[in-house]
Structure formats: C-alpha cells, structure tokens
1. Over 21 Å between C-alpha atoms is what I'm after, so list which of 49/101; 4/49; 49/102 land there.
2. Can you give me the distance in nm between label points at residue 44 and residue 215, each placed 7 Å from the Cα along the Cα-to-Cβ direction?
3. Reachable lysines from residue 198, Cα under 19 Å, same-chain residues fewer than 8 places away excluded?
4. Tell me the label-point distance for the pair residue 143, residue 197, using the 7 Å Cα-to-Cβ offset, in nm and rounded to one decimal.
5. Karplus couplings for the stretch 168-174 from phi (6.51 cos²θ - 1.76 cosθ + 1.60, θ = phi - 60°), rounded to Hz, Gly and Pro as x?
6. Where the centre of each part is set by its Cα atoms, how far does the stretch 235-263 sit from the stretch 104-167, in angstrom?
7. Hey, fewest Cβ within 10 Å first, where do 187, 161, 175, 242 land in order?
8. In the neighborhood of residue 211, defined by Cβ-to-Cβ distances under 14 Å, what is the net charge if each Lys or Arg adds +1 and each Asp or Glu adds -1?
Amino acid sequence: MSAKIDLNCDMGESFGSYKLGCDFEVMDEISSANIACGFHAGDFMVLDKTVKWAVEKNVGIGCHPGFPDLQGFGRRNMELSPEEVENLCTYQLGTIFAFTKKYGGEIQHFKPHGNLYIMTYSKAMAGDASWAEAIGRAVLKFDKSLIVMGMSGAPTQDIWRNMGLKVASEVYPDREYNANMTHVSRRVPGAVILDHNKVMERAVRMAKEHEVVAMDGTLIENVEFETMCVHGDNPETLQGLRDINKVFKENGIEVTHLSNIVK
C-alpha cells in the first residue's frame, strides 16, 4: 500500500467571464495544482488569483503549459518542431514564475497539458524522443530542481530521468485506460469518468493495490506512481476529491506535497 500520495488537479482554466471548475474550494482537497498559463486556458487575472490561492493554502504550484489553442482547450494536435516545443514551455514557465514570485511562492513541478502531454508520450512510444527532450531542456535551463510529471509507464519518464531531471509518474482515476496503459481517446463515449463514486473506487484500488482496470477489462498490475490527477473541469470533481480524501485517510494513505515524495 502506498503510504504517501500527491493529489493533483488542473486549475486556473477559467477565462474572462467564463468560469470553469471550483478552484478555490478544490484547493482545500489537493496537495498540488497544475496551473494553466494562458495558452490553452486561463488569462492573467485568473492566473493571478489561482497562484495567490495556492500560496495561501500551501498547495504545490505547477506550471501546466499547453498548446496555443484557447478554442480547442489545448486538446487538438499541433505539429511543432522540437525548438518550438522547448520555447512554448519556456514562455509559460516564465509566465507562472512571475506570478509565483509576486506572492512569495515557489514552483514545485511541471506538467504538460492535454495534447502536448499526449503527443509527447505517443511520439516517445513510437521511438521519437524529440519532444520529450525539448520539454526536458526547457525545464533544465529554467530550474533543474522542478519535478516533471508524466504518464506512469510511459517512456518519457526514463527520457527525463536520463537527462538528470526529477520525475513523478501519475495515474488518473477519472480517465479510462487502454490495455497498454495509455488514455482512451476523449472521443470515445465514457472515456472521461464523471461518476464521482466510480472515480473514488478506482482511486482507492490504484492506491492500495497498484492496479488499473482498462476499458476492455484488462487488469494492469504493478502500476507505479507518485501522484494522482483528478481533472478540474468535471462538475463532480469537488465531491469526488472529498470522497477520495476521506477514504484515503481511513486507509492510512497520506496526501502530501509531491516534493515530500520525489527527492
């Protein structure tokens, strides 16, 4: 059984008068926040208050860079050169750094968003490490002490470790998996799990048994991870996180900062 787990959530994804998620309330239920930097979601006002809340509530701050695709929420593929990927990440690291410094906080981790995340590990699985290496260079040149989050079992993890980076593997109780431990496409009905009771049950099984049941029924065993992500754009996220925290506490699983787990 995992004694310590980081619980992370994507945040700061509102834009102007459009509100997405319950970020202020969710901050009380997580240990790490992946904060949008204005490319796939968020804006300078949303980023400001989200970082402020994270500092006030002692939640680990993460840079959550995405494609420059507000309309598609960063969930549409873009073909970029490795240099473009590196600079895309560097730009957004600089953005969140400014707001974090404003409130006297520190950036804890780095986690690519949406299709930047998916395309990076998909390319790596096909033998193309160029995007993973570009992301690694951006983080190393900015601050090599940052922890880079990636999909449990994906080759990106070894690529980043071999570059000298700190790495955290993550799982998603609110996403369906394929038998090869990749995410089922969001275009497939049911790929995103909205029922908070089912999310809680999957989270507990992941934490206690290190198992994931794929969408086709395949049992994936020995799943190693340090952090667990629950998406912030699910209307049942807040209740789901409250349930997860309650059950984790009952089972002796401590939710703590990622920096307390990955050294």
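1. Details: 49/101 13 Å; 4/49 28 Å; 49/102 11 Å.
In this structure, 4/49 lie more than 21 Å apart at Cα.
2. Result: 4.0 nm between the two label points.
3. 208, 246, 249
4. For the pair residue 143/residue 197, the computed spacing is 4.2 nm.
5. Using θ = phi - 60°, the values come out as 10, 8, 10, 10, 10, x, 9 Hz.
6. 24 Å
7. On the way: 187 6, 161 13, 175 19, 242 16.
In increasing order of surrounding Cβ atoms, one gets 187, 161, 242, 175.
8. Numbers: positive: 202, 205, 208; negative: 201, 209, 221, 224.
The answer is -1.
Throughout, read-outs are computed from the coordinates displayed, never taken from laboratory work. Nothing here was measured: the structure is a model prediction, and the numbers come from that model. Neighbour counts run over all protein chains shown; Cβ positions are idealised from the backbone, glycine included.
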